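Worksheet: the structure to be examined is printed underneath.
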Amino acid sequence: MNKITVHCTVNHKPVSVEIEPNKRLLDMLRVNLGLTSVKEGCSEGECGACTVIYNGEPVTSCCILAGQAEGADIITLEGVSVDGKPDVVQQAFIESGAIQCGFCIPGMILTAEALLMKNPHPTMEQIKEAMSGNLCRCTGYKKIEEAVALAASRM
Amino acid sequence: MSKYAVLNTEFPKVDALERALGTAKYAADYFMPNMLYSGVFRSTVPHAYVKKLNLDKARALPGVAAVLDYTAIPGKNRFGIIVKDEPCLVDDKIRRYGDALAVVAAETQELVDEALELIEVEYEELTPVKSFEEAMAPGAPIVHGQTNVHAKKHLEFGNVDEAWDKCDVIVENTYSTHILSHMFIEPDAGLAYLDEQGVMNVIASTQNPHYDRNEVAAMLGIPMNRVRVKQATTGGGFGGKLDIGVQLHVALLAWHTRRPVKMVRSRTESTMVSSKRHPITMKCRTGATRDGKLVAVDVVMTCDAGAYGSYGPAVIGRAPVHIVGPYECPNVRCDAVFAYTNNPMCGAFRGFGVPQAAVCHEGQMNALAKALNMDPIELRLRNAHKVGTVIPTGQTLTESVGFTDTLLKAREKALEVMPEAMARLKTE
């Protein structure tokens, strides 16, 4: 299969990636760029574990072909922390006890980041609605919602 | 300040930071140089002999490093957490939809998928056993060995038969719980490689690395000190990753190819072959006095445990013991039978059968409250375990019995947040 070259911005840096055209954005990020914080849970856009911030919006990277990402601005969890230190949302997740097995957490945090970029002071209802596309099987969501609210209160 | 150093104090979860940063490595996040990808060819029928398995076309595909069936297993082809009844790769017969028949390792995941498509199988189908009733019927096809009875338990406490005369009210009901998937968010995954000392290393998403080591060593026919299993950061299990997942298959492929082999199950495959919660049917007779004290509980418990034993022997040990829940009852009997069928395998799932038992004892408490025209919470308080209670195993509870306090707190909270529903409790 002839490879294509995808040019985009990943975690604030321009990248160009040679990749088979049948690969997904998820594969490009995990395999080609080694950004393994992006998780694959269901492969069909249901669980939200592979969420990345894509041109400012939280999207499931399993449902986007790598080639579609030409020119896109993409942020993964690796691009959120600052010099290996947690940012305000990550810190709030830690303090709130929102993290158990952790597999859904990259997607959760990125969805929260995307929400707070647009709406720094969301209501609890807005938080619940924004987070509704991300499944967690451990926590029962309450502490995740509290973590987002805590992060918002510190912004 | 708490008088304890740990209790009632808050600590950040010990590994929360790496999970928040995204640097924690789950099994699928491991990559090695020269690594092969792999997959499993699975049965599409629930009960059958394999007449023919043609691996030649898959083996001939360029880029395929190995296609193996059970004949490639150097050691023991039976594993299982309590009963060794499950094959690594099917040798005698298929016992469920999704049984593993062959494994493939290749240079890319696409080549693995292509090779799996090239494997040809011919089945000689057998009548599948689809329920507990079918498993117990005379002349039923036998799933394993000589009988479809997988496990039996009998619990006897006091004298149930003599107790019915002392009851003012008796309620009888049958409760059935359904099969349930853990749906852990991380599909099963693992990677195996032989290191320079010839030790088989397996990195996996697992809840049971020490058991995994025994199984891998037995399957390869090597001593345990030649196998090392490392639990990767694991994305949920809830009991579903106590049974071995991809570990045997990657170890077998790494053994033959002498290269690192990685396997990541799809959500579909993970859901199809991982264990499930036991669906239990409980036929229950409960007797009490006019003032709401339990006198006798008699339960017949049956279960379709699926194709393999897994944690069934542990679940059948616990569900009967908890059949009256946190309530005092001087006469208790429970007869439990778990059967093998050709349905998905049932195993450990948060509580080992105790949540199923709760459906029965709580249902009976509500039914009893209704029959006695009594507040259901009051009925529970009258029967609640306390210090000094003798439970159906014969054990006397001597400390740390918090049920009454918990129930009182729950009632207080319920009156606060759901007053209408609580008022209905009184009138229904």
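Below, the figures for the structure above:
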item	result
B:Glu117 paired with B:Arg424, simple spin-label distance in nm, labels 7 Å along Cα-to-beta-carbon	5.4 nm
Farthest positive-ward along the protein assembly as shown dipole, Cα basis, beta-carbon charges - from A:Cys62, A:Thr9, B:Pro279	B:Pro279
Alpha-carbon gyration tensor eigenvalues x 5, square-rooted, for region B:213-278, Å	23, 14, 11
Table column - 3J(HN,Hα) (Hz), region B:198-208, Karplus curve with 6.51, -1.76, 1.60, x for Gly and Pro	x, 7, 7, 9, 10, 10, 8, 7, 8, 9, 9
Share of alpha-carbon pairs per 5 Å distance bin for chain A, given as whole %	2, 10, 19, 23, 19, 13, 8, 4, 1, 0, 0
Shielding by other protein chains, A:100-113, mean Cβ within 10 Å	5
Rounded to whole Hz, the Karplus (6.51, -1.76, 1.60) HN-Hα couplings of region A:136-144, x for glycine and proline	10, 9, 9, 8, x, 6, 4, 5, 5
Equivalent ellipsoid dimensions for region A:101-155 as semi-axes, Å, which come from the Cα gyration tensor, largest first	18, 11, 10
Dipole of chain B, positive direction: furthest Cα of B:Thr44, B:Cys360, B:Pro326, with charges on the beta-carbon	B:Pro326
MRE, 222 nm, helices only [DSSP H, n ≥ 4, -39500 (n - 2.57), over the protein assembly as shown, to nearest 500]	-8000 deg cm²/dmol
Spatial separation of Cα centroids for region B:123-140 and region A:1-63, in angstrom	47 Å
Separation of alpha-carbon centers, region A:84-144 and region B:332-346, rounded to whole Å	41 Å
Folded to 0 to 90 degrees: helix B:247-257 orientation relative to chain B principal axis, Cα	10 degrees
For region A:92-98, Karplus couplings with θ = phi - 60° (6.51, -1.76, 1.60), whole Hz, Gly/Pro x	5, 4, 5, 5, 7, x, 7
Rounded to the nearest 20 debye, dipole of chain B from Cβ charges on Lys, Arg, Asp, Glu	660 debye
Which of B:His322, B:His144 has the fewest Cβ neighbours within 10 Å, and the rest in rising order	B:His144, B:His322
Three semi-axes of the equivalent ellipsoid, the protein assembly as shown, Cα gyration tensor, whole Å, largest first	45, 36, 20
Cβ-based charge dipole, the protein assembly as shown, positive-most Cα from B:Val390, B:Gln197, B:Ile316	B:Val390
Cross-link pairs beyond the 30 Å C-alpha cut-off, checked among B:Lys76/B:Lys230; A:Lys13/B:Lys230; A:Lys142/B:Lys276; B:Lys25/B:Lys57; A:Lys13/B:Lys25	A:Lys13/B:Lys230; B:Lys25/B:Lys57
For region A:4-79, size of Cβ-based charge dipole, Lys and Arg +1, Asp and Glu -1, in debye	140 debye
Peptide B:185-191, shielding by other chains (average Cβ, 10 Å cutoff)	5
Neighbour cut-off at most 10 other Cβ (10 Å), DSSP loop, chymotrypsin sites (Phe, Trp or Tyr not before Pro), region B:1-77	B:Tyr4
Simple Cβ-charge dipole of chain A, Lys/Arg +1 and Asp/Glu -1, about Cα centre, in debye nearest 20	200 debye
Counting DSSP beta bridges with both ends in the protein assembly as shown, the antiparallel % (nearest 5)	75 percent
Tilt relative to chain B, helix B:312-321 - C-alpha long axis, 0 to 90 degrees, to 10	10 degrees
Peptides ranked, highest mean first, by Cβ atoms within 10 Å: ranges B:370-381, B:401-412	B:370-381, B:401-412
Other protein chain Cβ atoms within 10 Å, averaged over every residue that makes up B:7-20	5
Helix B:354-372 vs. chain B, principal-axis angle (Cα, 0 to 90°, nearest 10)	20 degrees
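Rule-based calculations on the coordinates, nothing more; no lab input. Not measured: the values here are computed from a predicted model. All Cβ positions, glycine included, derive from the backbone under ideal geometry; neighbour counts span all protein chains shown.
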